Every structure is written in structure tokens, then in C-alpha cells.
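Below you'll find the structure, written out as C-alpha cells, and then a few comments.
The values are calculated or read from the model by the stated rules, or taken from the named source; none is laboratory data. Keep in mind that this is a model prediction, so the values were computed, not measured. Glycine also receives a Cβ, built like all others from the backbone with ideal geometry; neighbour counts cover every protein chain displayed.
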Amino acid sequence: MIKRTPLYETHVKYNGKIVDFAGWELPIQYQGIKEEHEAVREDAGIFDVSHMGEIFVEGKDSEKFVDYLVTNDVTALVDNQVLYSPMCNEAGGVVDDLLVYRYNKEKYLLVVNAGNIDKDFNWMSSQADNFDVKLRNESDAYGDVALQGPKAQEILQQLTSFTLQEIKFFYFSEEVMIGEYPCIVSRTGYTGEDGFEIYVKAEDTAGLFELIYKAGKKFNLQLAGLGARDTLRFEAGLPLYGNELGDTVSPLESSLGFFVKLDRNDFIGKDVLVKQKAEGLSRKLVGFELIGKGIARHGYEVCSEDGKVIGEVTTGYQLPGTKKSVGVALVDIEYKSLETQIFVKLRNKLIEAKVAKKSFYNKKYKK
Amino acid sequence: MVKEGLLYAKSHEWIEVDGKEGKVGISDYAQHLLGDIVFVELPEEDAEIDKEDSFGVVESVKAASDVYMPVTGKIIEINEELEDEPELLNKDAYKNFIMKIEILDESQLDDLLTKEQYEAYIETIEHE
């Protein structure tokens, strides 16, 4: 059954073009992907990300449990800090990538991808037997609004007496009143810009969204849909589960080695990843630039000059506001070096490309 | 917006008939559905392509869509402006044709929709 977020009526009211995304009815765009993309880079954009899942972990063993679930080092967190991490299965494939919010050593919030909520909750529950923890899937109780762009702080500061400057990059506060709405606010996002993700009770979400939207009008705040969310995250080199990440691809292959800490306590998938690192990878995620004409899309084959398949495009675009056709692909390891010649199969024609950095934008985080 | 005087295919291409020749493009409805157009793959001149076969691809930021021959024809001119400025299709889908063809089977024009028929057709698909 297709689901709606608490903001469905709001999207309809503002003429959002509604599509089915991972089982959710959400707007792909309002005014147009290009305009929304540029607004986030120049000023600010507001996104409905209420489809994301919220899973709470509570109990004496919470820190140990979450640390065992994910590949990054959860023990390094202090209270109110946020951590990005892949979560692996026993074969070293990625069950999901998520944000870990530490309230304290005995309480964590895990924010997971919409399409994976049930899979993640079942997986986490199946791993919890030897830990004194309680898991709660609160996904339906929360809405989530992302306010992203260089003007995000200025816009949001008008609506709260909380000094937002105090929330540093990848930190959060669980006690921020925005207007009359109690919110959890983190300085996080998925666009490569400064900004916030704001968690709020489902029934307060529409009110909060309108409040921020109105307060942002004079800053050229635009409503932004899933289309711009994808071009922005892609341009900033951020991976999307289902494209760059999946159950059968390891985080090392997905070039997320920075978020895999192998020299620490045991975690699920560690043995396989340690072995993979020692023996060397057989494939890796790389960026590329198309030299010939066309646009490489998700799922297109990547080939060598003689037409042998050497990989697959995970995401590709001609980025808004540029004439450059670029992408990210998972390729055999011998093709991983910058400037290597590769070919993308576009409608049965081999189009020349070269390996490039997989981030096409310099992120502007406020650190 | 549907322009008077053109014939339309259900796959949202238009043809402006001038004797044995015709200009072909995509409808305003089609450009609107696609969103920001960033690339147009044009056909080869002199190619003969059958009715309802793909003659090229129009790509927006989000997706690639084939475009189809409204009638069987031979490509006699392509609009090369679209190679550098594909967004012209968003600006005015009727002024900016994709190609000119020689119509090889004029009887096929009878299968196409008039302005009124095409408007009614859009109505029905919008309410599906």
C-alpha cells in the first residue's frame, strides 16, 4: 500500500508533482529541478523527508549494541553528536546507511532510509539477543523537514530563541522550540550545503513546514522536491542506497572506507571487510565524465574499449546549470585510476568517458 | 497549450504539414511532463524511419524519453540549435522543431489527432 507523509496535503496545495518513491507519494518537483537545485546552492530550499525512518535504541547496552551494528566507531561519540555510518550484513554487504544520534550512552536515535525501514528494524531486532536494549520503530510518529542552503540558519533563527550557532556540524539538540513546535534539530543534510534536519511530531509537521516556508520567503527559500534532492546529493558526491550502496556491495567497494573503522571492537561484517582490505578490492566506485554526447543513467553498462562489460553506472546526470555529463560507476579495480578511459553503453552505442573525482561540487559545510 | 493547425500523435509529437514535407517536434504538454530538458539526441539526415519508431531521445534532468515518428518519413533537416540549447524545447515547444521530414505515406496523416482531439486525449490521460 502506498503511504503518504504528514505533508501530502501541503505538497498538493503547492502544486508538487507527486510520484511514487520507495512506496511513498512524494513530490519530485514543484517549480522545476533546476530552479530548486540552484535555490539550495544560492539561498535555501525546504524538503519533506518525513519518509525517513526513526528507530530508537534504549537500554544499558545501547552503546555496545549500536557500535556492533555499524561499521563506524560509535564509542567515539559524545552526547548530542551525530555519526554517519554504513550498517553491514555478515557478508560485508550494506543493509543500509544511516545517521546515529547519541542522546547518551543508553539512548540512541537511528535515522534510516525510507525503503529500508522494515528490513532494518527486523535486522536490528535479530541482532539484539545478547544485549540489554529495547528497539522502538517510531517512524510513523515523526515528520522530518530538511532546511538546506547558505541561508538556512538565518531563516530558522527568526523562529526560535535557541542560538542555532551552538549546534555544530553533525551535532543536534533535542530541545528546540520552533514557533510553538518542540523539535529535534541537527546540523546535517544531504545536499553538500549548510543546513538542518528537523524532526517533529507527525501532527505538527504541516504547521512547522508552513511556518518555515513563510519565514523564508524573503530569503528566496524554495520548496524543493526529490528530484533536486537527488541532483544535489549526487553533485556533492554523497551516495544513495540502492544506487551506490546495496546488500551485495561492501562499503569499501563503495568508497566509504573513511566510515569503516577496522581497528576496533567487533562489528557485523568486520571479518569479511578486514579480509577484503588485506587481499585488495576487485571493484570500486569511481566518478566519470562523459567525453562523447549523451547522459549515462543508473543501470547502464560500463565497458572497456573492446566492449567487454567492466561495471555499471550507479547514478548519472547532466547537472543543472552545467553542460557536463557526469556520473558514478562501480567498475573493475583496474579501471579505478583518474583519467582512465572507459566507455558507457548508451542505447547500444559505446560513448567515451574518463574516470574523474566522484564529487562534482566543493561542499560548503559550516564546521 | 495545444497549438492550432498542427497534427498530433498520442506519443506527444506534433507535425506541421507543408505539402510533402513536415516539421516535427514535441508538444508543450510533453516538454512540461519532462521538465528541464538538458539533451536532445537528433536523428541522422537522410535516414528513413517508420511511423511510431523512435527517431531520437529527449532527456530531462531526471529521465530519458524516446520520441517517435508521427508518420513514416525521410529526415531532410535537423534542428542543430537543439544540440547546444536543448532548453529551447522548454521555452517554446512549437517554435523549436526537432527536424524536417519528407512524408513518405501521406495517408498516415489521417491517423493523427487534431488540436481538439489532442486536447481531449490529454484530458483523458490526466484523469486516469
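Odds and ends about this structure:
- Restricting attention to the stretch A:311-327 and to residues that are in contact (Cβ under 8 Å) with a residue 60 or more places away in the chain and under 19 Å from A:Ser254 (Cβ atoms), the residue that is nearest to the other protein chains (Cβ to nearest Cβ) turns out to be A:Tyr317.
- Total residues in the stretch A:280-310, condition without any contact (Cβ under 8 Å) to a residue 40 or more places away in the chain and either in contact with a helix residue (DSSP H, G or I) (Cβ under 7 Å, 6 or more places away or on another chain) or assigned by TED's automatic domain parsing to the domain that holds A:Arg41 (or both): 1
- Helices (runs of 4 or more DSSP H) wholly inside the stretch B:1-105 containing at least 1 residues that are within 14 Å of chain A (Cβ to nearest Cβ), under 27 Å from B:Thr124 (Cβ atoms) and among the aromatic types (Phe, Trp, Tyr): B:28-34
- Residue-level check: of (1) in a strand (DSSP E or B); (2) within 27 Å of A:Glu38 (Cβ to Cβ), A:Lys323 misses just (1).
- Within the stretch A:69-99, the residues that satisfy the criterion of being among the β-branched types (Val, Ile, Thr) and more than 17 Å from A:Gln127 (Cα to Cα) are A:Thr75, A:Val78, A:Val82.
- Against the conditions (1) within 15 Å of B:Gly22 (Cβ to Cβ); (2) at pLDDT below 95; (3) not aromatic (Phe, Trp, Tyr), B:Lys100 satisfies every one except (2).
- When the stretch A:218-244 is limited to residues that are touching a Leu at 6+ places or on another chain (Cβ under 8 Å), of a type in the set (D, E, K, R) and within 14 Å of chain B (Cβ to nearest Cβ), the one that is surrounded by the fewest Cβ atoms within 10 Å (Cβ to Cβ) turns out to be A:Arg233.
- Members of the stretch A:246-279 found to be in contact with a helix residue (DSSP H, G or I) (Cβ under 7 Å, 6 or more places away or on another chain) and under 29 Å from A:Gly299 (Cα atoms), listed by number: A:Ser250, A:Pro251, A:Leu252, A:Val260, A:Ile268
- Checked against (1) assigned to a strand (DSSP E or B); (2) touching an Asp or Glu at 6+ places or on another chain (Cβ under 7 Å); (3) away from chain B (no Cβ under 14 Å), A:Glu289 meets all criteria but (2).
- Filtered residues of the stretch A:328-358 (kept if in contact (Cβ under 8 Å) with a residue 40 or more places away in the chain, farther than 17 Å from B:Glu41 by Cβ and either within 14 Å of chain B (Cβ to nearest Cβ) or acidic (Asp, Glu) (or both)): A:Asp332
- Residue in the stretch A:293-302 that is surrounded by fewer than 18 Cβ atoms within 10 Å (Cβ to Cβ), over 21 Å from A:Gly227 (Cβ atoms), modelled with pLDDT of 95 or more and among the basic types (Lys, Arg) present: no
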